[in-house]
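The values are calculated or read from the model by the stated rules, or taken from the named source; none is laboratory data. For clarity, every value in this text was computed on a predicted model and none was experimentally measured. Cβ placement follows ideal geometry from the backbone for every residue including glycine, while neighbour counts extend to all protein chains displayed. The area values use the complete protein model at the heavy-atom level, side chains included, leaving out ligands, DNA and RNA. Shrake-Rupley method; radii C 1.70, N 1.55, O 1.52, S 1.80 Å.
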Amino acid sequence: MGACLALCSLASCASCLCGSAPCLLCGCCPSSNNSTITRLVFSFFLLLGTMVSVIMILPGMETQLRKIPGFCEGGSTIPGLENHVNCDVIVGYKSVYRMCFAMTCFFFLFAALMIRVRSSKDPRAALQNGFWFFKFLILIGITVGAFFIPDGTFHTVWFYFGVVGSFIFIIIQLILLIDFAHSWNKVWVENAENSDNKCWFAGLMSFTFLYFALSIIAVVLFYVYYTQPDDCTEHKVFISLNLIFCIIISVVSILPKIQEAQPHSGLLQASLISLYTMYVTWSAMTNNPNRNCNPSLLSLVSNVSSTEPSADPGQVQWWDAQGIVGLIIFLFCTLYASIRSSSNTQVNKLMQTEEGNGFGGEGVVGKDGILRAMDDEEENVSYSYSFFHFHLCLASLYIMMTLTNWLQPDTTTQAMQSRMPAVWVKMSSSWLGLGLYLWTLIAPLIFPDRDFN
């Protein structure tokens, strides 16, 4: 009986996925605005590709991947094409590169197709909000084709695409975190003022203290484990500069002039941005090829000297702490970008979105009696279709770099090596992000005639 009910439920969902009209959801999806559901489904495609990439990079998958023609030495081959690759080290990374290449191409295709869509009356809006089954088939087709790309310089070239795309995506992540902190602070302050309940203020103070405390602890640990008295000058500069910058934005956020122009600006936002900046700093330092300045997490836990030579210089760490934290932040930002409904004018302009109701829609019942989502874009779209897909395109590149620990394929040794460019890219993104946050604070003072609410 349970199996029959499950099959009926899947059949109802299939009608939603295969529909040629916009997916104004059927009973398998919660009632909401059409624009929100569309973003959630595309985000699900991205998360599904991420899960596949994670599975492919797990140890033990090499045996199965050797069966793919022309992929590595000792496996199935394509006539006229031979690879001489250290597959025990690089095969998992090659799979991630190809999977994320397919996702990037898929979202870039839709970003190009959806340029200048103004409302759901545009014929292209039907393609954006429906035909899910066929879009899934397109993604699978691109993925299969990506696994037959010859090696050559593909990985090296795509690595630099990943570096540039990840740099931009880190900035977008910081913008989303700024928006989240602003919305969080605004809602809790309004609740405290309307209900005369001091618990809201206590909650804000607690989280602010927690984020600042974690940031300070991070700085101390960085100086202890990622610097040496006579070495690691770059790390000392990175840690000191970002500590000074975080102090500056914290002080600026509570200046009387800033508070007068932006009443909802405060230390909560500064503390969250400071903590994220420390994460990016840590992530950058873990890519330093100098092992004296970049001890592995295993060596820190087991108290093993990081200066001891490794038995295999091509050995790479499949999972590390900064990669796991990066995935968690990525998942949060992806979900938040799909359901966000910000009233912050500056953020809406940067993210090409408009103030909306998020999940505030109430499903409508069609003539067939099926509950469907409300079309909230008949007059104007609530977000830029093209920019949203471009954001997911960058997210695919960021996932590729995160899962491969930002290691660069070395075509001469056929191994994955850390490189300083990855360090500078991450640090530059943190500085640019701090500059953007500082701009959101001082812009209303510089341009008083403009609306920055």
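Quick look at the values:
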quantity: Residue list for the range 187-208, filter: at pLDDT below 90 and either buried (at least 18 other Cβ atoms within 10 Å of the Cβ) or of a type in the set (Phe, Trp, Tyr) (or both); calculated: 188, 200, 201, 204
quantity: Members of the range 248-257 that are touching a residue at least 60 places away in the same chain (Cβ under 8 Å) and open to solvent by 70 Å² or more (accessible area, probe 1.4 Å); calculated: 248, 257
quantity: Residue match in the range 168-186 (condition: surrounded by fewer than 15 Cβ atoms within 10 Å (Cβ to Cβ), at negative phi and in a helix (DSSP H, G or I)); calculated: no
quantity: Among residues of the range 225-247, those that are modelled with pLDDT of 90 or more and open to solvent by 80 Å² or more (accessible area, probe 1.4 Å), counted; calculated: 2
quantity: Close pairs (9 angstrom Cβ cut-off, 6 or more residues apart or separate chains): of a type in the set (Asp, Glu) in the range 107-124, modelled with pLDDT of 80 or more and assigned to a helix (DSSP H, G or I) anywhere; calculated: 122/128
quantity: Scan of the range 34-62 for residues that are over 21 Å from the mean Cα position of the chain (by Cα) and either at pLDDT 70 or above or assigned to a loop (DSSP other than H, G, I, E, B) (or both), ordered by number; calculated: 34, 59, 60, 61
quantity: The range 403-438, residues that are modelled with pLDDT under 85, open to solvent by less than 10 Å² (accessible area, probe 1.4 Å) and of a type in the set (Ser, Thr, Tyr); calculated: 404
quantity: Residues of the range 231-272 satisfying the condition of being small (Gly, Ala, Ser) and assigned to a helix (DSSP H, G or I); calculated: 240, 250, 253, 261, 270, 271
quantity: Hey, residue 159 part of a loop (DSSP other than H, G, I, E, B) and at pLDDT below 90 or not; calculated: no
quantity: Sole exception among (1) modelled with pLDDT under 75; (2) within 22 Å of the chain's Cα centre (by Cα); (3) of a type in the set (Gly, Ala, Ser) for residue 386, by number; calculated: (1)
quantity: Residue match in the range 248-266 (condition: touching a helix residue (DSSP H, G or I) at 6+ places or on another chain (Cβ under 6 Å) and within 18 Å of residue 295 (Cα to Cα)); calculated: no
quantity: In the range 114-167, the residues that are among the polar types (S, T, N, Q) and surrounded by fewer than 16 Cβ atoms within 10 Å (Cβ to Cβ); calculated: 119, 153, 156
quantity: Check on residue 286, without any contact (Cβ under 8 Å) to a residue 40 or more places away in the chain and open to solvent by 10 Å² or more (accessible area, probe 1.4 Å); calculated: no
quantity: Pair list, Cβ < 6 Å and 6+ apart or interchain, from the range 148-159 residues that are touching a residue at least 40 places away in the same chain (Cβ under 8 Å) to residues that are crowded, with 16+ Cβ neighbours inside 10 Å; calculated: 151/83; 155/97; 155/409; 156/409; 158/97; 159/408
quantity: Residues of the range 209-224 classified as hydroxyl-bearing (Ser, Thr, Tyr) and open to solvent by 20 Å² or more (accessible area, probe 1.4 Å), total; calculated: 2
